[in-house]
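Student: Supplied in structure tokens, the structure appears directly below.
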């Protein structure tokens, strides 16, 4: 059997690994599973790049900026293959960019030893072993994604011990014209309720108090399984896990929002009154061009029903400005929709052409300077809305999950309330501890005394 000419000096002595994961939380979970497999095989995670024999870059390629960030990171870390800088014997590139561009990257980045696609990441240990033994027949291991990890796969939770992302499904059956994800991640494949509850129990035993449910499409969860595996049954199962206090839902599309799930959220003491619901736009013309199966009016109807049935619910969404064909009238509909919906948190994306998506071929592209101008207008409108909604917390006592000291001073403690997700939303700054000591993972009561643009300030009760 013919093999590639791999230096036999690739034998790992200290079995050290440096890992960086770019992009979304779903990608991070894949990285944590890879680390779990490597940990069982004797690899030790190091935080200094120059001490790692194996360096893994788990990449993102959702938009152009993410691709560039991934490329820059790979090139920076490749320096540690030089004896002058480090001890790296294997540079591995995994994740979405490896899935999408492995052939091109293999040609342009000879310093990379291995490319692993989004459906092969569970094979990292045998592939590294083959690399050590000079038995790799190729550099790229990229197939049609079919794998999804289960509770039986080892996983190293690299998030703070009190919080974890729980990936309930992989892939997506939607075909939004702007999105490359179905190509990179494959068709929807859901994990069973039993599998997810078992993983949640395992996580809770390590101190996790907050579970954040993620997938490419939470609203389609279970459609590929039997009738006993659906979101309602999953939420009911997760509610039974002891020591988990918060359960938060992400990526729930408005078209599939049912009264059953809304009622479950409204009545539960563990499911946060928080929903991440990507709407992307409010113009019917643009929504149709995006291949979203809903109108702006129906989206607004879902939002009104949520606010009616779950008073005080915190809503997060994502919006794309400058989609091909978006004229000033379409943008005004978007701006009016955002002002009427009054989202607590809003992620705004500037449209960028992505090769391989249907939108790439659409005509009537919006000039970049117009996209930037619309982005700024939307951002300023949302900033005002977020501040006004935060005012509603003024004088109220809220439950806060303590995260640690403030990055600027140890005299302040920071945490999050139920309506603030890890990494992407605001914080609660505790400026008066009433003489008490707090530690990470504590759930405490805080009276809100001040409001900033995106953060709250309060004192410990």
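The values are calculated or read from the model by the stated rules, or taken from the named source; none is laboratory data. It should be emphasised that the depicted structure is a prediction, and the values quoted were computed from it without experimental measurement. Cβ placement follows ideal geometry from the backbone for every residue including glycine, while neighbour counts extend to all protein chains displayed.
Student: When you check residue 41 against the structure, is it touching a helix residue (DSSP H, G or I) at 6+ places or on another chain (Cβ under 7 Å), surrounded by fewer than 17 Cβ atoms within 10 Å (Cβ to Cβ) and not assigned by TED's automatic domain parsing to the domain that holds residue 424, yes or no?
Tutor: Answer is yes for this residue.
Student: Going by the structure shown, is residue 219 under 25 Å from residue 95 (Cα atoms) and within 20 Å of the chain's Cα centre (by Cα)?
Tutor: The answer is yes for residue 219.
Student: Filter the range 335-384 down to residues that are more than 24 Å from the chain's Cα centre (by Cα) and under 18 Å from residue 300 (Cβ atoms) and give me whichever is surrounded by the fewest Cβ atoms within 10 Å (Cβ to Cβ).
Tutor: 340
Student: Condition first: assigned to a helix (DSSP H, G or I) and closer than 18 Å to residue 419 by Cα. Now tell me which residues in the range 264-300 satisfy that.
Tutor: 264, 265, 266, 267
Table: residues versus (1) touching a helix residue (DSSP H, G or I) at 6+ places or on another chain (Cβ under 7 Å); (2) within 30 Å of residue 178 (Cα to Cα).
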position	(1), (2)
347	no, yes
351	yes, yes
373	no, yes
394	no, no
410	no, no
431	no, no
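Student: Which of the residues spanning the range 174-195 are in contact with a helix residue (DSSP H, G or I) (Cβ under 6 Å, 6 or more places away or on another chain) and either within 13 Å of residue 149 (Cβ to Cβ) or touching a residue at least 40 places away in the same chain (Cβ under 8 Å) (or both)? Before the answer, list the steps.
Tutor: Taking the range 174-195 and keeping what is in contact with a helix residue (DSSP H, G or I) (Cβ under 6 Å, 6 or more places away or on another chain), we get 177-178, 184, 188, 193.
Correct list: 177, 178, 184, 193.
Student: Separate question: Quick one: which of 102, 94, 70 is closer than 22 Å to residue 148 by Cβ, in contact with a strand residue (DSSP E or B) (Cβ under 7 Å, 6 or more places away or on another chain), in a helix (DSSP H, G or I) and touching a residue at least 40 places away in the same chain (Cβ under 8 Å)?
Tutor: Just one listed residue meets the conditions, 102.
Student: In the range 366-419, which residue that is at pLDDT 90 or above, out of contact with any strand residue (DSSP E or B) (no Cβ under 8 Å at 6 or more places or on another chain) and not in a helix (DSSP H, G or I) is farthest from residue 317 (Cα to Cα)?
Tutor: Ranking the qualifying residues of the range 366-419, first place goes to 367.
Student: Given the structure, is residue 184 under 24 Å from residue 106 (Cα atoms) and either touching a strand residue (DSSP E or B) at 6+ places or on another chain (Cβ under 6 Å) or in a helix (DSSP H, G or I) (or both)? I'd like the intermediate steps shown before the answer.
Tutor: Numbers: under 24 Å from residue 106 (Cα atoms): yes; either touching a strand residue (DSSP E or B) at 6+ places or on another chain (Cβ under 6 Å) or in a helix (DSSP H, G or I) (or both): yes.
Against the criterion (under 24 Å from residue 106 (Cα atoms) and either touching a strand residue (DSSP E or B) at 6+ places or on another chain (Cβ under 6 Å) or in a helix (DSSP H, G or I) (or both)), residue 184 qualifies.
Student: Can I ask one more? For residue 306, state whether it is outside the structural domain of residue 455 (by TED's automatic domain parsing), surrounded by 19 or more Cβ atoms within 10 Å (Cβ to Cβ), modelled with pLDDT of 95 or more and within 26 Å of the chain's Cα centre (by Cα).
Tutor: no
Student: Now, a different point. Residue 431 is checked against (1) over 24 Å from residue 211 (Cα atoms); (2) outside any strand (DSSP E or B); (3) at pLDDT below 90 and fails just one. What number does that condition carry?
Tutor: Of everything listed in (1) over 24 Å from residue 211 (Cα atoms); (2) outside any strand (DSSP E or B); (3) at pLDDT below 90, residue 431 misses just condition (2).
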